[in-house]
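Single-structure report; data block below.
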Amino acid sequence: MKTLTTLAVIGVLAILGAIAAAVFFFGGFYNVAATEEDPAVVNWALVHIRRASIARHATDTPPLSLDDAAVVQEGARAFSERGCVNCHGGPGANWAKFSEGLRPDPPDLKEIAGERDPQHLFWVIKNGINMTGMPSFGLIEVPDQEIWSIVAFVKKLPTVSDADFKAWSTQP
């Protein structure tokens, strides 16, 4: 009998929690303005959901060597031409002012490149990430080989000099 009462209380609390969450989100109490920071619990949930989704879906393997200097240089050029510098910066290149208004903030790729697998970077660049400002390069039909070259460049990004990036991103 005591177990049944405990389960009933847990059930009622779960229903009340679901109703409260629905009222909070669907009632407009959750502020979607980019000028407001997300509540810690929302930020935590979004980060964990994003990581889990990328880990589950990022299954492609590089069809070329990501250490090939020509591929890295091609990636630097694509990184610059496709506008990646605007949100993520680059060696000797400042982020565009508008990127300061994106929520969540675009990551500094120099800082996270070593922490991300090439497959994960490829998946994010190809598919984008909803509600972050990260576009899908796949939707605009950027070829996979070009996306892989961007991945090669991003993986080398922490060691690329300002002069090298400038030279690579302006070559025809």
Q: Note down all Cβ pairs under 6 Å where the first residue falls in the stretch 122-142 and is modelled with pLDDT of 95 or more, the second is assigned to a loop (DSSP other than H, G, I, E, B) and of a type in the set (A, V, I, L, M), and they're at least six residues apart or on different chains.
A: Trp123/Ala58
Q) Which helices (runs of 4 or more DSSP H) sit wholly inside the stretch 87-172 and have at least 1 residues that are under 14 Å from Ile54 (Cβ atoms) and among the β-branched types (Val, Ile, Thr)? A) 109-112, 118-127, 144-156
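Going by what's in this entry, would Ile54 be described as open to solvent by less than 60 Å² (accessible area, probe 1.4 Å), modelled with pLDDT of 90 or more and farther than 14 Å from Val154 by Cα? If you could, list the steps in order and put the result at the bottom.
Working: open to solvent by less than 60 Å² (accessible area, probe 1.4 Å): yes; modelled with pLDDT of 90 or more: yes; farther than 14 Å from Val154 by Cα: yes.
Considered against the rule, which asks whether it is open to solvent by less than 60 Å² (accessible area, probe 1.4 Å), modelled with pLDDT of 90 or more and farther than 14 Å from Val154 by Cα, Ile54 comes out as yes.
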Q. Can we say Asp38 is among the acidic types (Asp, Glu) and open to solvent by less than 80 Å² (accessible area, probe 1.4 Å)?
A. yes
Q: Go through (1) part of a helix (DSSP H, G or I); (2) surrounded by fewer than 12 Cβ atoms within 10 Å (Cβ to Cβ); (3) at pLDDT below 90; (4) of a type in the set (A, V, I, L, M, F, W, C) one by one and return the number of the condition Ala33 breaks.
A: (1)
**Q.** Which numbered condition Gln171 fails, given (1) modelled with pLDDT under 95; (2) surrounded by 13 or more Cβ atoms within 10 Å (Cβ to Cβ)
**A.** (2)
**Q.** Hits in the stretch 107-150 - residues which are closer than 19 Å to Val32 by Cβ and buried (at least 18 other Cβ atoms within 10 Å of the Cβ)
**A.** Met134
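The values are calculated or read from the model by the stated rules, or taken from the named source; none is laboratory data. As the structure is a prediction and not an experimental result, all values here were calculated from the model. Please note: Cβ atoms are built from the backbone with ideal geometry, for glycine as well, and neighbour counts cover all protein chains shown. Side chains are part of the model used for accessible areas, which takes the heavy atoms of the whole protein and leaves out ligands, DNA and RNA. Shrake-Rupley method; radii C 1.70, N 1.55, O 1.52, S 1.80 Å.
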